[in-house]
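The values are calculated or read from the model by the stated rules, or taken from the named source; none is laboratory data. Predicted, not measured: the structure shown is a model, and the values here were computed from it. All Cβ positions, even for glycine, are placed from backbone atoms using ideal geometry, and neighbour counts span all protein chains on display.
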Amino acid sequence: MRILITGSNGMLGSDLVAELAPYEICGLDRHNNRHSQIQYEQVDITDRTAVLKAVTLLKPSIIVHAAAFTDVDECELNPTQAFSVNSKGTQWVAEAGDSCGATLFFMSTDYVFDGTKQLPYNEEDKPNPLSVYGRSKFQAEEFLKSKCRSSWILRTSWLFGMNGKNFFRTIAQLAREKKELRIVDDQRGVPTYTKDLAKAIRILIERGSRAKGYHLYHIANTGETTWFQAAKKFLEKTCPDIKLIPISSQELNRPAKRPLNSVFNMERIKKDFGIQLRRWDEALLQFQSEVLKKE
Ligand SMILES: NC(=O)c1ccc[n+]([C@@H]2O[C@H](COP(=O)([O-])OP(=O)(O)OC[C@H]3O[C@@H](n4cnc5c(N)ncnc54)[C@H](OP(=O)(O)O)[C@@H]3O)[C@@H](O)[C@H]2O)c1
């Protein structure tokens with residue numbers, strides 16, 4: 001089984017490279033390869049011809065498509081680029097994958113929802129993205145649903161991991177520089193550790209990738225929190241003296257609107273594959289000890 005990981009230099013992509021190492025893996029991203037042990041193609045996924053050439057050369061049977069324009073506020077300010085990478089780029093990867101009979105696992109997002117539901121979102125709930133990022137990812141989902149021979153859409157949320165920019169790394173940095181931090185407390189969601197997610201994707205590939213057609217799953221760590229509560233948990237041992245001030249999304253006033261609730265119901269993936277990730281705060285503790293070990 002040859003597995004191609006797009007976005008292999010990214011936060012999730014790097015953990016996928018490690019988790020899927022027992023298989024024959026190859027990577028694709030737009031800058032120099034970060035992982036010397038894998039076959040690699042340097043490609044911008046907005047270039048349709050280059051994507052087709054690279055995928056045809058690599059001939060994967062599975063593609064995990066994690067490459068994306070992931071800065072939600074930058075997407076809001078650059079909608080043309082956001083749709084070009086997240087929607088069209090996904091279309092080019094899917095078409096190239098189809099041409100060599102590959103099954104595609106596409107990483108999508110909780111930001112396809114508008115957050116007005118009070119209960120956790122399940123796969124039957126209707127998306128209504130509030131941001132350019134959310135719309136660009138949902139447009140990719142719609143393409144895969146209607147046009148791709150074999151696709152798995154995996155929606156996940158609030159990623160953190162060792163190899164990329166994320167909320168907890170930013171908080172750790174700010175806590176070293178400041179005495180007080182103002183953090184949003186009106187968005188509910190589930191922080192998800194990319195190492196845990198990579199393990200779950202491996203199980204899905206091993207148990208499910210022979211099934212053709214269209215599949216949609218919500219997948220994240222379990223439990224729920226707000227950014228404020230998550231920051232409190234993260235800093236309680238390492239920076240007990242820092243003052244944390246809860247604020248509203250409106251006060252923060254970022255370019256892109258976020259859903260106030262994006263907690264997932266994950267019964268479907270549990271029922272179909274027995275996959276249930278551990279609680280987000282347990283995963284966060286492990287992440288924290290790994291960060292401390294490294295620094
Ligand atoms: N982060 C989250 O909280 C979150 C939540 C839900 C879903 N997701 C989805 O999960 C996936 C992985 O997220 P992540 O946070 O691990 O992403 P990430 O760290 O930003 O990695 C994405 C990778 O894709 C590359 N890339 C960007 N534009 C490209 C292009 N035009 N052509 C080729 N490669 C390109 C990036 O390169 P550069 O570094 O050079 O830009 C980066 O290496 C994404 O599909 C994302 O939409 C993320």
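Sub-7 Å Cβ pairs linking a first residue in the stretch 220-243 that is within 21 Å of ASN261 (Cα to Cα) and at pLDDT 95 or above to a second residue that is part of a helix (DSSP H, G or I) and among the small types (Gly, Ala, Ser), at least 6 apart or interchain, are ASN221/ALA283, ordered by first then second residue. Across the stretch 135-181, the number of residues qualifying as charged (D, E, K, R), in a loop (DSSP other than H, G, I, E, B) and more than 13 Å from the ligand (Cβ to nearest atom) comes to 3.
Residue count for the stretch 158-196 under the criterion of being surrounded by 22 or more Cβ atoms within 10 Å (Cβ to Cβ) and small (Gly, Ala, Ser): the result is 2.
The set of residues in the stretch 182-194 that are in contact with a Phe, Trp or Tyr (Cβ under 8 Å, 6 or more places away or on another chain) and outside any strand (DSSP E or B) comprises ASP185, GLN187, VAL190, PRO191, THR194. In this structure, ALA66 does satisfy being of a type outside the set (Lys, Arg) and over 19 Å from GLY101 (Cβ atoms).
Among the residues of the stretch 56-82, those identified as surrounded by 15 or more Cβ atoms within 10 Å (Cβ to Cβ), within 22 Å of the chain's Cα centre (by Cα) and either more than 9 Å from the ligand (Cβ to nearest atom) or assigned to a helix (DSSP H, G or I) (or both) are PRO60, SER61, ILE62, ILE63, VAL64, VAL72, GLU74, CYS75, GLU76, ASN78, GLN81, ALA82.
For (1) surrounded by fewer than 16 Cβ atoms within 10 Å (Cβ to Cβ); (2) not in a strand (DSSP E or B), each residue gets a yes or a no:
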| residue | (1), (2) |
| --- | --- |
| ALA211 | yes, yes |
| TYR217 | no, no |
| ASP241 | yes, yes |
| LEU244 | no, no |
| GLN250 | yes, yes |
| ARG258 | no, yes |
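Any idea how many residues of the stretch 25-44 are more than 11 Å from the ligand (Cβ to nearest atom) and either hydrophobic (A, V, I, L, M, F, W, C) or at positive phi (or both)? Total satisfying the criteria: 3.
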